[in-house]
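First up is the structure itself, then whatever we jot down about it.
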Amino acid sequence: MTRQSLIIALLFFLPMILLHSVQGYPIDVIDNFGHTVTITNSTRIVSLSPCNTEILFAVGAGDRVVGGTTYDTYPSEAVNLSKIGGFSTVNIEAVVNLSPDLVLAEHGNGEETVNALKNLGLTVVSLNPKTMDDILENIRLVGNITGNDNTAESLIADMTQQIKDITDMTEDIPNSRKPRVLYIVWHEPMYAAGAGSYPDDLIQMAGGKNIIEAEGWPVIGIEDVVDKNPQIIICSGMGGGSYTIMEAITGNQILAQTDAVKNNKVYPIDDPNTIELAGPRIVQGLAELHGYIEPNIQPDSNATSDISSTPGFGMILALGMILMVYSKRKGL
């Protein structure tokens, strides 16, 4: 090989050598379903869900994302990604045509879709977060996969602090003082956030009590809502639907019996994705819910100041009596 050929070869292979060295590829990771996945590269990434896309951009790998779903709208750069279909309607051919080194999938894509991509030889990591801790761990996982560990850890630290700032104020509040909250995503029929959903977790963290005990996103009847009498109703609908839901709730004569409607405590969420997507912006959703819930937390009756229990009160009272007697004797 001539010297010129050697230089050309080095110039061609050096970027790949450096990338391999910096990222430490290949690496083995365990995804949320317990599958061990070997990552050999992450130069071209296809995201199969909006929250995955948000995480990728947040940890600093946005410039490597070459494809996303039609629902990817945040950050603004995600709008221009090549589209591979919807969240639950992934176009397998569109994914393959983008020649990804890594596909970041989610539970909602469906097992059939994930298996089809794996069978075509694609590297697929699947996420399935269920709690706030899971979201933080997935940010760490994506940071590790893409070689952005430091950015991911910084983001996690910031989110953890924001969560702590709120939970430090709410974690010791007894249920008897927590306002009753209803979180709905549509009104005909009425779909609500139940146990195990992100809104349910955030309501509890924010100091509220979710009136829906059923799992997931159940349909609830108006009579049940009146019976449970929420003090706060949160309306969450995509594409401006929050205001449509709010108008339907406040204009309903039956729901007018609830404390929430009576006291004008029906609130629309401008961007439901901050509450319902398992991404970095979920701390913004927590802060928004806390802003609605905190003013409605019942005061602690035991916290009212009783001056008679103040240290030294007896001595102060005795001195007052002496001064009163002395004043009478002197005719003051």
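Summary table
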quantity	calculated
Of all residues in region 58-108 being crowded, with 23+ Cβ neighbours inside 10 Å and without any contact (Cβ under 8 Å) to a residue 24 or more places away in the chain, the one that is nearest to residue 150 (Cα to Cα)	65
Number of the condition not met by residue 10 [criteria: (1) surrounded by fewer than 19 Cβ atoms within 10 Å (Cβ to Cβ); (2) at pLDDT 55 or above; (3) part of a helix (DSSP H, G or I)]	(2)
Criterion: in contact with a Lys or Arg (Cβ under 6 Å, 6 or more places away or on another chain) and in the same structural domain as residue 96 (by TED's automatic domain parsing) - qualifying residue of 124, 142	124
Selection count, region 32-66, where residues are farther than 17 Å from residue 121 by Cβ and not hydrophobic (A, V, I, L, M, F, W, C)	12
Residue that is crowded, with 22+ Cβ neighbours inside 10 Å, assigned by TED's automatic domain parsing to the domain that holds residue 224, among the hydroxyl-bearing types (Ser, Thr, Tyr) and modelled with pLDDT of 95 or more, where the choices are 183, 191	183
Test for residue 188: is it out of contact with any helix residue (DSSP H, G or I) (no Cβ under 8 Å at 6 or more places or on another chain), of a type outside the set (Phe, Trp, Tyr) and more than 30 Å from residue 100 (Cα to Cα)	no
Within region 209-255, tally of residues that are among the polar types (S, T, N, Q) and surrounded by 18 or more Cβ atoms within 10 Å (Cβ to Cβ)	4
Filter pass, residue 206 being surrounded by 18 or more Cβ atoms within 10 Å (Cβ to Cβ) and under 22 Å from the mean Cα position of the chain (by Cα)	yes
Residues of region 109-139 satisfying the condition of being outside any loop (DSSP other than H, G, I, E, B), touching a residue at least 12 places away in the same chain (Cβ under 8 Å) and out of contact with any Asp or Glu (no Cβ under 7 Å at 6 or more places or on another chain)	109, 113, 114, 116, 117, 124, 134, 135, 136, 138, 139
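The values are calculated or read from the model by the stated rules, or taken from the named source; none is laboratory data. Computed from a predicted model, the values in this text were never measured in an experiment. Glycine gets a Cβ as well: all are built from the backbone with ideal geometry, and neighbour counts include every protein chain shown.
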